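Step one of this worksheet: look at the structure below.
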Amino acid sequence: MNNPLLKTMKIGFIGAGNMSQVMIKGMVESKLIKPDHIIVSNRTPGKLLKLEELYGVQTRKHNEQVVEECDVVILAMKPQDLPAAVEVIANHFEPHQTIISLAAGINLKMLEHMMPIGRHARLMPNTPSLIGQGVIGYLVQNDEEIIADLIEDLFSTLGTLIEVDNEDQFDALMISCSSGTGFIFEMMMYWQDWIEERGFSEEISKRMTIETFLGASMLAAQSVGIDIEELQSRVASKKGVTAAGLNSMRELEIERTLRISFEKAALRSKELSNEAVKGR
């Protein structure tokens, strides 16, 4: 831990969904933050009770209480719910507080307009953060190094943190790494189905699929100075079995299909932004 102030800081979460639970788990298990220095609010009490039991955090009935008690406030609600939620709490912030939004489609300018007081940042974790293997992108207001350092210290246990330069890069990271996890699971399901159709059990098919994706990823990670195209060429001999399959994938324009999927996700991000503006 590089930041000694973390020992005294109080971290607030408005919203207790899956990603909040992942982040709280990382903070508590790494002993970065004392459990009683984490304060959480949520619209319904069920998830709050679960967090209290699992991690010993404090909970509050009202979002305003979280804002008034915490140095860092993490906005972990759905994008369409954020404008109405922050309208109630916007006047409760102080200039020294850091406000971190997890909401897709709501850029820094919109956050600054909704909450003029405080220091703002966007953060986008993904589900592999649950096992410390996430890719977490973040964008800070006015390139403030203090906020960037705080984010690095707070969330380093979740995986690889990448600071981006602008909103376009933030969206690209969100789609490729956060939404992208879902895209990969989709391909893994096809993989497993094909293997099962050849007579393997569901359990063995799943294991074969997982180990294939994991092995390829680990090989790429450990092959320093070797690009992915070169690694692929080492698998595919000319006129061989792998080459036949790759040629078919290229004829079917798999790259085009994936690119369209990325662009559709990017379009939805823009739609969420527009919906948030209209909903205010």
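Please verify whether D168 is farther than 13 Å from T98 by Cα and not assigned by TED's automatic domain parsing to the domain that holds V72, treating the condition exactly as stated. When the stated conditions are applied, D168 passes them. Once the stretch 163-181 is narrowed to residues that are in a helix (DSSP H, G or I) and in contact with a helix residue (DSSP H, G or I) (Cβ under 6 Å, 6 or more places away or on another chain), the residue that is surrounded by the fewest Cβ atoms within 10 Å (Cβ to Cβ) is T181.
Rundown of residues vs (1) within 30 Å of M114 (Cβ to Cβ); (2) among the aromatic types (F, W, Y), yes/no style:
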position	(1), (2)
W194	no, yes
R198	no, no
K206	no, no
I210	no, no
F213	no, yes
M218	no, no
N247	no, no
R256	no, no
L272	yes, no
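Considering the stretch 194-213, and only residues there that are touching a residue at least 12 places away in the same chain (Cβ under 8 Å) and of a type outside the set (S, T, Y), the residue that is nearest to T257 (Cα to Cα) turns out to be F213.
Out of T160, T242, report the one residue that is within 18 Å of I136 (Cα to Cα) and either in the same structural domain as M27 (by TED's automatic domain parsing) or loosely packed, with under 15 Cβ neighbours inside 10 Å (or both). Criteria check complete, one pass: T160.
Does F170 satisfy the criteria of being within 24 Å of the chain's Cα centre (by Cα) and closer than 30 Å to A84 by Cα? So F170 fits the description; yes.
Given the structure, is E69 surrounded by fewer than 17 Cβ atoms within 10 Å (Cβ to Cβ) and at pLDDT 95 or above?
Considered against the rule, which asks whether it is surrounded by fewer than 17 Cβ atoms within 10 Å (Cβ to Cβ) and at pLDDT 95 or above, E69 comes out as yes.
Here the helices (runs of 4 or more DSSP H) wholly within the stretch 12-126 that include at least 3 residues being of a type in the set (V, I, T) are 18-29, 82-89. The single residue among I38, I24, I33 that is of a type in the set (V, I, T) and within 29 Å of S273 (Cβ to Cβ) turns out to be I24. The set of residues from the stretch 228-239 being of a type outside the set (V, I, T) and surrounded by 10 or more Cβ atoms within 10 Å (Cβ to Cβ) comprises E230, L231, Q232, S233, R234, A236, S237.
Taken over the stretch 100-120, residues that are closer than 16 Å to S20 by Cβ and hydrophobic (A, V, I, L, M, F, W, C) amount to 4.
The values are calculated or read from the model by the stated rules, or taken from the named source; none is laboratory data. This one's a predicted model, so the numbers in the text were calculated from it and none came from an experiment. So basically every Cβ, Gly included, is an ideal-geometry build from the backbone, and we count neighbours across all protein chains shown.
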